[in-house]
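Notes to accompany the following structure.
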Amino acid sequence: MKLKCPICGKTYDEPVQRCECGEPVEFEAFNAEPYLGKTVWERFWDFWPIEPAMELSLGEGDTPLVKSKLGKELGVRLYLKNETTNPTWSFKDRGTFLAVSYAVKAGYKAIGTVSTGNMAASVAAYATRAGLKAKILVSESTSGEKLKAVSVYGADVIRVRGDYGRLYFESLELGEKLGIYFINSDNPFRVEGYKGIAFEITEELTPDYVLIPTSSGGLFRGIAKGFIELKESGLIDKLPTLIAVQAEGCSPVCRAFREEKERIERFENPKTIAKAIANPYPPSGNAVLKLLHEFGWKCTAVSDEEILEAQRELAGEGLFVQPASATGIAALKKLMEMEEIKEGAKVVSILTGSGLKALSHVEGGKVRECSLESLEECLR
Ligand SMILES: *Cc1c(COP(=O)(O)O)cnc(C)c1O
């Protein structure tokens, strides 16, 4: 290991933090053989409905699959698919990229979405990347703070008064009329983009279970489709058991599943801290329900308390995710207790988005005060 100061050129054999001259240090340039640096889009080229416009890519996908220490405690082999490393810090970028590829090819000059958080930021970012106008429709209650991460990309952000559920459909209609391509939560190109998660997992291991935080259902459908296509192509022998995870305070899919209904019903008075999965009337709810029935998959709902505990546990091993993204771990614990997941199983949980997106209800840890004079004492 050799470190070098980029300013004065001094080298170090031990891992110092800074150079004696006060400047930073960096590892010397590695001299190694390169591999073909192909992205998930290129490796699975024939699985996409259109050619991904690689020049518009921001580096979405190809996210880390991290072995979790929590698995040992629970008695399973647990892996975390860390989607927080995407360009706007959630898996939404995978779908947005593919949908924008389409919008550009189709000659649209503007794209849009209906969202309160992650999808809004994602669409705004890829719009400006592609030189398109972005129309972002948000609900009346969305905080100004949250919208900074959207408007920073130069998008036209519009707070809409009225029923948020209807906005999804109105936007598609008006979009068609006005030539704005709306890339909402379960847009077909968006869902296709999510298949990459299944592809990448399969390249590394063959899971028995995959835990998927579920709101509109776009993500669940995309991952399901990915695995199904791999099976039909003869690339895997058997499908994993997919588990849709919802927050108890807004669980229209799990409720319909439990009651053996074929259609979901609007969830009245939704209330959960997991805002990113709080769609009371998910536009792909019925499609998810059908998949659950068809393949004998599951739906599990978890409480806010269980979600916050799982969020703390993930932070405890170095991964800070938003509450919605911690639901998979909360569900895993529940399913282990109920013996619905067997000991020793290989489990993947999708960490859908970064904790930095939702700081308002994070407890955080202790912070101590210290003067520079008493620093030595404080450090002891
Ligand atoms: C969008 C989102 C989900 C749910 O995805 P759907 O496609 O709406 O089911 C889960 N977690 C996070 C962080 C999200 O942003």
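Can you tell me which residue in the stretch 111-132 is farthest from the chain's Cα centre (by Cα), limited to those that are away from the ligand (no atom under 15 Å from the Cβ), open to solvent by 10 Å² or more (accessible area, probe 1.4 Å) and on the phi < 0 side of the Ramachandran plot? Checked the stretch 111-132; the qualifying residue farthest from the chain's Cα centre (by Cα) is 132.
Evaluate the following for residue 271: is it surrounded by fewer than 19 Cβ atoms within 10 Å (Cβ to Cβ), at negative phi and more than 16 Å from the ligand (Cβ to nearest atom)?
Values: surrounded by fewer than 19 Cβ atoms within 10 Å (Cβ to Cβ): yes; at negative phi: yes; more than 16 Å from the ligand (Cβ to nearest atom): yes.
Here the answer is yes, as residue 271 does meet what is asked.
Just to be sure, is residue 149 surrounded by 17 or more Cβ atoms within 10 Å (Cβ to Cβ) and away from the ligand (no atom under 16 Å from the Cβ)?
Values: surrounded by 17 or more Cβ atoms within 10 Å (Cβ to Cβ): yes; away from the ligand (no atom under 16 Å from the Cβ): no.
So residue 149 fails the test.
Residues in the stretch 334-358 that are small (Gly, Ala, Ser), surrounded by fewer than 22 Cβ atoms within 10 Å (Cβ to Cβ) and within 16 Å of the ligand (Cβ to nearest atom): 354, 355.
From the list 206, 202, the lone residue that is farther than 21 Å from residue 300 by Cβ and in a loop (DSSP other than H, G, I, E, B) is 206. Looking only at the stretch 316-333, which residues are of a type outside the set (Ser, Thr, Tyr), open to solvent by less than 50 Å² (accessible area, probe 1.4 Å) and either within 15 Å of residue 364 (Cβ to Cβ) or assigned to a helix (DSSP H, G or I) (or both)? The answer is 321, 322, 323, 324, 326, 328, 329, 330, 331, 332, 333. Filter the stretch 62-104 down to the residues that are closer than 15 Å to residue 190 by Cα and basic (Lys, Arg), then identify the one that is nearest to the chain's Cα centre (by Cα). The qualifying residue nearest to the chain's Cα centre (by Cα) is 92.
In the stretch 206-225, the residues that are touching a residue at least 60 places away in the same chain (Cβ under 8 Å) and at positive phi form Cβ pairs under 8 Å with partners that are open to solvent by 10 Å² or more (accessible area, probe 1.4 Å) and more than 8 Å from the ligand (Cβ to nearest atom), at six or more places apart or across chains, as follows: 217/283; 217/287. Can you confirm whether the stretch 268-275 contains a residue that is farther than 24 Å from residue 120 by Cα and either in contact (Cβ under 8 Å) with a residue 24 or more places away in the chain or part of a loop (DSSP other than H, G, I, E, B) (or both)? The answer is yes, given that some residue of the stretch 268-275 is farther than 24 Å from residue 120 by Cα and either in contact (Cβ under 8 Å) with a residue 24 or more places away in the chain or part of a loop (DSSP other than H, G, I, E, B) (or both).
Looking at 287, 326, 315, 310 in this structure, which one is out of contact with any Pro (no Cβ under 9 Å at 6 or more places or on another chain), within 16 Å of the ligand (Cβ to nearest atom) and at pLDDT 95 or above?
Details: 287 fails: at pLDDT 95 or above; 326 fails: out of contact with any Pro (no Cβ under 9 Å at 6 or more places or on another chain); 310 fails: out of contact with any Pro (no Cβ under 9 Å at 6 or more places or on another chain).
Among 287, 326, 315, 310, only 315 is out of contact with any Pro (no Cβ under 9 Å at 6 or more places or on another chain), within 16 Å of the ligand (Cβ to nearest atom) and at pLDDT 95 or above.
Among the listed residues 212, 197, 158, identify the single one that is more than 16 Å from the ligand (Cβ to nearest atom) and either in the same structural domain as residue 100 (by TED's automatic domain parsing) or buried (at least 23 other Cβ atoms within 10 Å of the Cβ) (or both).
Numbers: 212 fails: more than 16 Å from the ligand (Cβ to nearest atom); 197 fails: more than 16 Å from the ligand (Cβ to nearest atom).
The unique qualifying residue is 158.
The values are calculated or read from the model by the stated rules, or taken from the named source; none is laboratory data. Keep in mind that what you see is a predicted model, and the values were worked out from it rather than measured. We place every Cβ from the backbone using ideal geometry, glycine too, and count neighbours over all the protein chains shown. We work out accessible area using only protein heavy atoms, side chains counted, and drop any ligands, DNA or RNA first. Shrake-Rupley method; radii C 1.70, N 1.55, O 1.52, S 1.80 Å.
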